[in-house]
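The values are calculated or read from the model by the stated rules, or taken from the named source; none is laboratory data. Note that the coordinates shown come from a computational prediction; the quantities given were computed from them, not determined experimentally. Positions of Cβ are generated from backbone atoms using ideal geometry, with glycine treated the same way; all protein chains shown enter the neighbour counts. Accessible surface areas use protein heavy atoms only, side chains included; no ligands, DNA or RNA. Shrake-Rupley method; radii C 1.70, N 1.55, O 1.52, S 1.80 Å.
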Amino acid sequence: MIYEKEKRYIIPFTDVPSSRAEMPEISVDERRGNFTEVETGFPEAVAVQEAKRCLSCRRCLGCGLCLAEDNEDSIDFNIPGEELNLEFDEVIITKGQDNAFHPIKPELGFDVYADVITDLQFERMLSPNGPTGGLVVSPLNGEIPGRIAIVQGSSNEEDEKHLFSSLVLGVNESILALDKTQDLEVALISPVCQSFKEKFSSDAEQISSLGIIEGIPESVERKGEEGPLSLTYSTGGQNKTEDFDLLVVLTKEKISPEIMELSRKLDQEIQ
Amino acid sequence: MKDKKMLIVGGGLEGVGAALENADKGADVTIIEKFADLGAERIPRDRLIKPGEGFVKPDLEKLRNQSNVKVLPYSDIKKISRDNDKIQTRIVKHSLLVDNSKSSEATKVGIKVCPVNMYDDFDEGLSFRTAFDYYNSETGNYNIYKEDMPACQRGCPINLDIRLYAGLIADGRYAESLAKIREKLPIPGSIGRICPHPCETACNRQYLDEPISICFLKRFVADVEINEGIEPDYETPEQKYSEKIAIIGAGPSGLSCAHDLARMGYENIKIFEALPVPGGFLQVGIPEYRLPKKLLGREVALIEKMGVEIQYNTRIGKDIAFEDLKKEYDAVFIAAGCHKGLKLRCPGEDDFEGIIDCVTFLRDQALGNIKDVKGKLIVIGGGNAAIDSARVGWRMGYDEVYILYRRTKKEMPANPWEVDAAEHEGVKFQFLAAPVEILGENGKVTGIKCVKMELGEPDASGRRRPVPVEGSEYVIDAETIVGALSQGTDLSFLPADHEFKLTRRDTFEVDEETGATNLPGVFAGGDVATGPDIAIRAVAGGKLGALGIHKYLRSK
Amino acid sequence: MCTGRVDPAIIAKAFKKGLDGLIIVGCFIGECHYVSGNIQAKAKIDMTRRLLKHIGLNENRLSFQHCSSGEATRFVEIVNEFDKTIHELGPIGGESDRVKGPELFRKLEAAEAVLAGEKMRWVIGKKTEFLEKGNFYGEVFTEHEFNRAIDMIIVEETEVQEILGKLKEGVQSVKALAGSLAIPSERVFRYINALKRKEMVQLETVSGRSPLYKVIPQGV
Ligand SMILES: Cc1cc2nc3c(=O)[nH]c(=O)nc-3n(C[C@H](O)[C@H](O)[C@H](O)COP(=O)(O)OP(=O)(O)OC[C@H]3O[C@@H](n4cnc5c(N)ncnc54)[C@H](O)[C@@H]3O)c2cc1C
Ligand code: SF4
């Protein structure tokens, strides 16, 4: 139920990293011809040490400080949850707001470099209600980027429909970013850029001012310790490398397992 | 359309749009959303935009004013089914713990004082929020982020309170830790040795370094009790119930069901077990070197001490008819497991002595019924049962032990640590090989004809499908061949004209919330309902059945 | 004075003034005139030691000992022992401390703010309740779980207080803050966003490619 995206429990506790305890075993020579238990169990000190590695994951501590400060009486730990048995005539299943996505090509350095972000994060950043109030900045250092690259997250993508819609999103995001940011260059790199230009020929004028490149991103590296991201991409049968201050990765949406299960169970499409 | 009741699953932009559209037509709409509030504005993905009109906003204002739309945030669908054109649901709505009709600008202080920082889901992790905060800045509705359980506990099929029992171990309070585990799990020492630990797969610490070794901690506290010679006290409640309950099978599922019922106060619980020993596959499947039977026996004895009776050497369907059992007892729980080894389905399989399925092989070994150990042993399959058979064979003293598997090491469904251990001990692997024919002479197996495989396109399970390489057949000599493909249920104990609803895999169809079968008073759980699975999920099935039986008997 | 009345913020302040060691001697647990004064004291001082260790000060510079009023010899022994320890540790910000010189004093400033802050005071004050009766949800904590919660607050509050401390010196960019504070810049970025959400920080201006932030003074 209460959902949180994985990998988000990132408090830099001081005992991190510390490796997991290993289970002691009897040697292979001692095993042949008998059925003696192989694993001998943790000694006490090891067990205690291992138990201490537990992060005791917990969100609200139940400390009641907010309650003590709340002079409106709006906080109430006694408001109960409810269990409802409801009957409906019809159901519409939508994908919800998980915003989960398929794995991103590891070479692109998402999860490694803080200035490689997803199109979903970029979308929030561009929103006036978002975390930066619509300011385009690099999450690595809070600086306004001079050059942004928007690329496909996985290279050998065969799903044309996905490639198209994510490129549309990429184009729209760059339209917004360019509008909000001075002296900004955006490079859009996509494998369907030719057919995209044909399909949206009516918007040709709008598109022509954008740097759309037919190509596939290959890898990303940081130049020096604090340098820009250096992106290598293949275009027209050649590899090219360019520097960027921010890399936006176009993701492929993944519907949550619960919704998939629901759709299967009710034998009904997701809208 | 008027007064039509509609459920919209998901409160994102699409969900809100669909809700408004149908509300306009007069329908009675309910939106269910698992997050604390409705969704954010989005950038279109199907058309190009102009800078000024970049975002499409869900019209939350309009939604608020629509009297025929109800929003259920922080809610989960617990159960849903379609019955005669109606959709029946059970929805659990978690409390926001904040009454937003009373909150104001001043409530914001809560955000400043709350000591808990967490990545903000709504902003895709680009900011932090506190445990008391708003989710969607647009509505500014506050909620307190109180998870109902941490990731590990949710990953555990019986939702053991791992955070607490690990904390107790860290504090050196071992006995309390074990007592806490025992409240939910009657066989901690056994599970603490053999569980493939889905909790560790979920552990948050893996994102920092490595998951906590949760499973072995359980074993540790169980071992402390034995080493210190402590006899635990099991308490059963004052309130007693006298209904008679029969349980078929003394595996983890049956034992857990009995344990939970005894803890609820049931005094007449009887387990019928076909074998002379308890534990099901924990006894006659999982080998002694992974789970000493003395330890298992002690844990079962503790359950018996609570007043559970186990009648051994009694096979339902043979010694007692199932129908008689049903008549004589107020409730029946079926926990007969999956004890039928599946066939290799290749020629020669039924013609020679020396070919045996892994269920029989491991059981006979565990019960001391295999005397003739010589020559080469070949095990066919890639699951845990195959590895166990091979490691058992190696210990029994076969000259050489081979595992034959159709795909490669990477695709083996067995736990990787088990595969490594087998390799380490000297079991030999032949990957990308499949049996074609069993060869024999004078009624005895002499070898096996195999064909080399190569990996083709991925199949439905996502694993690459093995395809035979033409003309690559070869022969391996062997005296004993163990087929370890998979297991199925053996329902021959039921009368031929039984009316149970079964799945395509010949397992019982049971209710998700009670373990009830379609016949009143009969419940089922464990492998017999899920197909071959892991012990802790069999325990979960047993516990569910106990709850179901309790509900059933108390409402009769 | 009852040890329960010792304010951890004063401890940090004392170290900030250049103190090399501090020992607090109080009654034995169970002999407290105010019943649980020294249990409270122990919780507070344990936490303060964890915090000092976190910011890079050798935590043995702070010691909590028990001695009853009649035990003069024991008292002398305790003090001599501690004196020896401090001599071995040397002057503050030296060899035995992980963080040295001016940086340590800046961190002590942040530590003082954390210890004076409401969050830490409140949660540490809840220790006995959490361990015995449980929190608002009735969850009884183990010592380990409580320490994890405290560690979480220590890590995050120190970082936030360091950032606020720096911003009080004048407007700053995320990059400059991260550069001078040795906090990973992607965390500084998120803290700034969160502080904006809490209306404790605001965007002042953009200079070149750097957005500059300033603190909003908090009313009392
Ligand atoms: C070789 C092997 C290795 C395994 N390794 C692991 C592991 O490492 N970790 C893990 O978690 N799981 C493992 N499993 C799976 C696990 O053992 C099972 O999921 C679990 O035991 C299922 O529990 P159960 O109670 O549903 O059924 P079982 O344990 O199969 O018990 C069913 C019981 O019912 C009895 N019975 C059947 N029919 C009748 C009848 N008509 N009348 C009376 N009694 C009857 C049987 O004799 C048996 O004792 C392994 C399984 C095998 C075969
Ligand atoms: S301040 Fe309120 S929301 Fe925050 S941890 Fe304490 S009780 Fe929970």
Handout entry: Cβ-Cβ under 8 Å pairs, at least 6 apart or on other chains, region B:384-404 side assigned by TED's automatic domain parsing to the domain that holds residue B:286 and at negative phi, far side surrounded by fewer than 21 Cβ atoms within 10 Å (Cβ to Cβ) and charged (D, E, K, R)
Key = none
Handout entry: Within region B:386-419, considering residues that are within 11 Å of chain A (Cβ to nearest Cβ) and more than 23 Å from residue B:478 (Cα to Cα), the one farthest from ligand 1 (Cβ to nearest atom)
Key = B:417
Fill in the blank from the handout: Here the residues within region B:127-163 that are more than 16 Å from ligand 2 (Cβ to nearest atom), touching a Lys or Arg at 6+ places or on another chain (Cβ under 6 Å) and within 11 Å of chain C (Cβ to nearest Cβ) are B:127
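Residues checked against (1) among the hydrophobic types (A, V, I, L, M, F, W, C); (2) at negative phi:
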position	(1), (2)
B:456	no, yes
B:464	no, yes
B:472	no, yes
B:475	yes, yes
B:494	yes, yes
B:499	no, yes
B:515	no, no
Practice task
Out of the residues in region A:98-128 that are under 12 Å from the mean Cα position of the chain (by Cα) and of a type in the set (S, T, N, Q), state the one that is farthest from residue A:216 (Cα to Cα).
Solution key: A:99
Handout entry: Odd one out for residue C:95, checked against (1) farther than 30 Å from residue C:149 by Cβ; (2) open to solvent by 60 Å² or more (accessible area, probe 1.4 Å); (3) at pLDDT below 90; (4) out of contact with any helix residue (DSSP H, G or I) (no Cβ under 9 Å at 6 or more places or on another chain)
Key = (4)
Fill in the blank from the handout: Checked region C:38-73 for anything at pLDDT 90 or above and among the charged types (D, E, K, R); matches are C:44, C:46, C:49, C:50, C:53, C:59, C:61
Practice task
Please give the number of the condition residue B:350 fails out of (1) within 13 Å of ligand 1 (Cβ to nearest atom); (2) open to solvent by 20 Å² or more (accessible area, probe 1.4 Å); (3) modelled with pLDDT under 95.
Solution key: (1)
Problem - region A:41-76, subset open to solvent by 60 Å² or more (accessible area, probe 1.4 Å) and modelled with pLDDT of 95 or more, residue nearest to ligand 2 (Cβ to nearest atom) - result: A:52
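Table: residues versus (1) out of contact with any helix residue (DSSP H, G or I) (no Cβ under 7 Å at 6 or more places or on another chain); (2) open to solvent by less than 20 Å² (accessible area, probe 1.4 Å).
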| position | (1), (2) |
| --- | --- |
| B:78 | yes, no |
| B:91 | yes, yes |
| B:122 | yes, yes |
| B:138 | no, no |
| B:148 | yes, no |
| B:151 | no, no |
Practice task
Counting only residues that are within 14 Å of chain A (Cβ to nearest Cβ) and of a type outside the set (Ser, Thr, Tyr), give me the helices (runs of 4 or more DSSP H) lying completely in region C:101-220 with at least 3 of them.
Solution key: C:118-125, C:127-132, C:143-168, C:174-181, C:185-197
Handout entry: Members of region B:471-495 that are small (Gly, Ala, Ser) and in contact (Cβ under 8 Å) with a residue 12 or more places away in the chain
Key = B:472, B:478, B:483, B:484, B:486, B:488, B:492
Practice task
Considering only region B:171-196, state which residues are in contact with a Ser or Thr (Cβ under 7 Å, 6 or more places away or on another chain) and closer than 20 Å to residue C:148 by Cα.
Solution key: B:171
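Scan region A:49-73 residue by residue and report those that are of a type outside the set (A, V, I, L, M) and over 34 Å from the mean Cα position of the chain (by Cα). Steps first, answer last, please.
The first filter runs over region A:49-73 and keeps only residues of a type outside the set (A, V, I, L, M), leaving A:49-50, A:52-54, A:56-60, A:62-64, A:66, A:69-73.
If the condition is that a residue be of a type outside the set (A, V, I, L, M) and over 34 Å from the mean Cα position of the chain (by Cα), then A:69, A:70, A:71, A:72, A:73 are the ones that fit.
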Exercise for the section: Being touching a residue at least 40 places away in the same chain (Cβ under 8 Å) and open to solvent by 20 Å² or more (accessible area, probe 1.4 Å) is the filter; apply it to region B:496-518 and report the residue that is nearest to ligand 1 (Cβ to nearest atom). Expected result: B:498
Practice task
From B:175, B:166, grab the single residue that is open to solvent by less than 10 Å² (accessible area, probe 1.4 Å), at pLDDT 95 or above and away from ligand 1 (no atom under 16 Å from the Cβ).
Solution key: B:166
Practice task
Could you grab me the full set of residues in region B:41-57 that are hydrophobic (A, V, I, L, M, F, W, C), touching a residue at least 12 places away in the same chain (Cβ under 8 Å) and either facing chain A (nearest Cβ under 7 Å) or farther than 13 Å from residue B:14 by Cβ (or both)?
Solution key: B:43, B:55
Practice task
Using the structure shown, decide if residue B:16 is in contact (Cβ under 8 Å) with a residue 24 or more places away in the chain, open to solvent by less than 10 Å² (accessible area, probe 1.4 Å) and more than 8 Å from chain A (Cβ to nearest Cβ).
Solution key: yes
Exercise for the section: Would you confirm whether any residue within region C:126-141 is hydroxyl-bearing (Ser, Thr, Tyr), within 30 Å of residue A:62 (Cα to Cα) and modelled with pLDDT of 90 or more? Expected result: yes
Handout entry: Residue match in region B:112-120 (condition: open to solvent by 10 Å² or more (accessible area, probe 1.4 Å) and away from ligand 2 (no atom under 16 Å from the Cβ))
Key = no
